[in-house]
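Here's the structure, in structure tokens; my notes come after.
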Amino acid sequence: MQISQLIKDNLGIINKPINMARNDDGAEIYIYDVISSDWGVGAMDVISAIAQAGEAKTLHVHINSPGGDIFEGRAIMAALKSFKGKTIAHIDSLCASAATSIALACDEVEMSDGAFFMIHNASGLVWGDKSDMREMADLLEKLEGAIVNDYTSKTGKTSEEVVAWMNAETWFTASEALEHGFIDSITQTKSKAENAWNLSAYNHAPAELAIEPGAEPVTDPDPVPELSITTNANRLRLALI
């Protein structure tokens, strides 16, 4: 009954646009959603935005995402790496799970003081017998191998260190992410991370990111009423992915 209610709450929600903007210094895109082709920002959204960026010398990628589909994330990474100019990731609030590899695909990574960076093991749903379960486990290990490579290539840490962090579902503050090499700099303007997502799907989400049951999520500074997303809908999107 609860899942049925979540689906009902989610009906009619319009995916949020990626909000590509051009300016004198380059172009900016905002990945402020779940990473998903069906429920949020997908690879085709990013590819389309990059095409609109044209010959911009710098592409600024702003991120506030709880993560999502790893395969969509890999495709977004490939799109960013193919951009001819310089790419700079700006972690504005939350960069978790699949969103972290997207950030690290950029040439530089900047993080707001007060934001969070979370890495953990890959997960997925499977139904079937023991052979199906083992096949899924093998697939998840292969996917994690690619993710570990993303992190070790950026940080210079050993795979053992990274795997331990992933096993523990580690949430890094900006200073911790900088210390361990996940980011290159911290935005000096102090800001409180504003979380629009119900993170109950994660085991160790910081108290600062907690949303009270039934509370309205934080909205964008210039919200569009028809794009308003309820807490239950956010929980459903994370659960489905």
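Flag not set for I91, criterion: surrounded by 24 or more Cβ atoms within 10 Å (Cβ to Cβ), in the same structural domain as A49 (by TED's automatic domain parsing) and part of a helix (DSSP H, G or I). Any residue at all in the range 165-181 that is over 19 Å from A89 (Cα atoms) and either free of Cβ contacts under 8 Å to residues at least 12 places away in the same chain or of a type in the set (D, E, K, R) (or both)? The answer is yes; a qualifying residue exists.
The set of residues from the range 18-41 being closer than 20 Å to L94 by Cα and in contact (Cβ under 8 Å) with a residue 40 or more places away in the chain comprises I31, Y32, V34, I35, S36, W39, G40. So which residues in the range 87-107 are more than 24 Å from L143 (Cα to Cα) and modelled with pLDDT of 95 or more, if there are any at all? Within the range 87-107, T87, I88, H90 meet the criteria.
Across the range 155-176, the number of residues qualifying as among the charged types (D, E, K, R), within 21 Å of the chain's Cα centre (by Cα) and at pLDDT 95 or above comes to 1. If you go through the range 203-223 and keep only what is at pLDDT 65 or above and surrounded by fewer than 19 Cβ atoms within 10 Å (Cβ to Cβ), you end up with N203, H204, P206, A207, E208, A210. Could you check, for the range 98-111, whether at least one of its residues is surrounded by fewer than 18 Cβ atoms within 10 Å (Cβ to Cβ) and free of Cβ contacts under 8 Å to residues at least 60 places away in the same chain? Looking for residues that are surrounded by fewer than 18 Cβ atoms within 10 Å (Cβ to Cβ) and free of Cβ contacts under 8 Å to residues at least 60 places away in the same chain, one finds at least one in the range 98-111, hence yes.
What about E141, is it assigned by TED's automatic domain parsing to the domain that holds S97 and charged (D, E, K, R)? No, not satisfied.
With respect to the conditions (1) buried (at least 16 other Cβ atoms within 10 Å of the Cβ); (2) modelled with pLDDT under 75, D184 falls short on a single one, namely (2).
Filtering the range 40-71 to residues that are assigned to a helix (DSSP H, G or I) and more than 11 Å from the chain's Cα centre (by Cα) leaves A43, M44, D45, V46, I47, S48, A49, I50, A51, Q52, A53, F71.
The values are calculated or read from the model by the stated rules, or taken from the named source; none is laboratory data. Predicted model, so just to flag it, every value in this text is computed and none were measured. With ideal geometry, Cβ positions are generated from the backbone for all residues, glycine too; neighbour counts draw on all protein chains shown.
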